[in-house]
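Enquirer: Dropping a structure here in structure tokens format, bear with me for questions.
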Amino acid sequence: MTLTPEIIVLCGGLSSEREVSLRSGQAISSVLPGSRLIDLTADVLPDWLDGSRHVVLPALHGGWGEDGRAQAEMEARGIAFAGCSSAANRLCMDKVATKRAMRGAGVPAIPEVAFAGAAKPTADALVAALGESIVIKPSDQGSSVGLYMLEGEAAVAKALAEIPASGHWMAERRLRGREMSIGLLAGEPMGIVEIVPLTGVYDYKTKYTKGASEYRFPAAVGPELTAAIGAAAARLFAACGCRDFARADVFLEPDGQFYFLEINTMPGMTETSLMPKSASCVGLDFPLLVRRMAAPALARAAQPVRL
């Protein structure tokens, strides 16, 4: 007799996104009957996780849970898990590497200046390369952690002085227009969600404060542009080696040109999250979305081991 494995929802961890991860995990587990929610208080998998009895649905945002290390450990231990492989997580956590994949797949991406915290460029060099309106952010963090939205050389200089002499960073021209996101399930694009932050900036606080942003879904975008954004998102998903699910962030400028910013392998699943809103555009409510996210891992767990 074959037993159905127990679904373990992992959340928490030690990253700067721990609180959001806890909320995502609780929301996911609440609609998966029989699942077990585990709050990780260290960046390590539980010893008792067993690939013959368990399947993991991770809700680990940032750090060890999203940069491929947790997935590599599960792969090494033969534990089936939902979401992208360790290699895809590692690539997508690096925004500079993701942009290389974008360009290779013909996905529109704006130029960036990448730098280490220990070797920061000068403000005048960044302004000369990118213009007066600049965004600076870590190249290996999510949820808008450490985001600077800057106007003018003096503001850029001040931000550079605040950035610690550690970590990896990137600067880009600040885009103007409409900020959007699109979820992907099994590599297929779902609906486009437009984000309208009431403060004007979609930063960490705005992203996770209920009522701080308005969301329009499906976004008011014409059918041809909707199709073009969806097709580009699917190319990016494939180019990064993603599987099961992801969410891509895109910016639409007033002239109709769009640029992808990144692809998120561990999309938020809280009450304010974009992935469930995108899924609702194609008729998937939250419980069905979660079941669809978990299904491929359950299928992989059922595959016989080939010796």
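Enquirer: Go through (1) surrounded by fewer than 17 Cβ atoms within 10 Å (Cβ to Cβ); (2) at pLDDT 95 or above; (3) assigned to a loop (DSSP other than H, G, I, E, B) and name the single condition residue 255 misses.
Expert: (2)
Enquirer: For residue 272, indicate whether it is modelled with pLDDT under 95 and either over 18 Å from residue 21 (Cβ atoms) or not assigned by TED's automatic domain parsing to the domain that holds residue 13 (or both). Write out each step before concluding.
Expert: Numbers: modelled with pLDDT under 95: yes; either over 18 Å from residue 21 (Cβ atoms) or not assigned by TED's automatic domain parsing to the domain that holds residue 13 (or both): yes.
Yes.
Enquirer: Of all residues in region 214-265 being touching a Cys at 6+ places or on another chain (Cβ under 8 Å) and among the small types (Gly, Ala, Ser), which is farthest from residue 64 (Cα to Cα)?
Expert: Among residues in region 214-265 that are touching a Cys at 6+ places or on another chain (Cβ under 8 Å) and among the small types (Gly, Ala, Ser), the one farthest from residue 64 (Cα to Cα) is 241.
Enquirer: Kindly indicate the residue of region 213-242 that is among the hydroxyl-bearing types (Ser, Thr, Tyr) and not in a helix (DSSP H, G or I) and also nearest to residue 188 (Cα to Cα) among those meeting that condition. Even if it seems obvious, please write down each step before you answer.
Expert: Residues of region 213-242 among the hydroxyl-bearing types (Ser, Thr, Tyr): 213, 215, 226.
With the extra rule that they be not in a helix (DSSP H, G or I), the set shrinks to 213, 215.
Details: 213: 26, 215: 21 Å.
Among them, the one singled out is 215.
Enquirer: Quick check: is even one residue across region 85-108 modelled with pLDDT of 95 or more, surrounded by 19 or more Cβ atoms within 10 Å (Cβ to Cβ) and either among the acidic types (Asp, Glu) or in a loop (DSSP other than H, G, I, E, B) (or both)?
Expert: Yes.
Enquirer: May I pose another question? Among 71, 26, which is the only one that is under 20 Å from the mean Cα position of the chain (by Cα), more than 20 Å from residue 273 (Cα to Cα), part of a helix (DSSP H, G or I) and not assigned by TED's automatic domain parsing to the domain that holds residue 238? It would help to see each step written out before you state the result.
Expert: Details: 26 fails: more than 20 Å from residue 273 (Cα to Cα).
Residue meeting the stated conditions: 71.
Enquirer: Restricting to region 29-57, give me the number of residues that are surrounded by fewer than 16 Cβ atoms within 10 Å (Cβ to Cβ) and part of a strand (DSSP E or B).
Expert: Going through region 29-57 one residue at a time, the tally reaches 2.
The values are calculated or read from the model by the stated rules, or taken from the named source; none is laboratory data. Predicted, not measured: the structure shown is a model, and the values here were computed from it. Note that we place each Cβ from the backbone using ideal geometry, even for glycine, and neighbour counts take in every protein chain shown.
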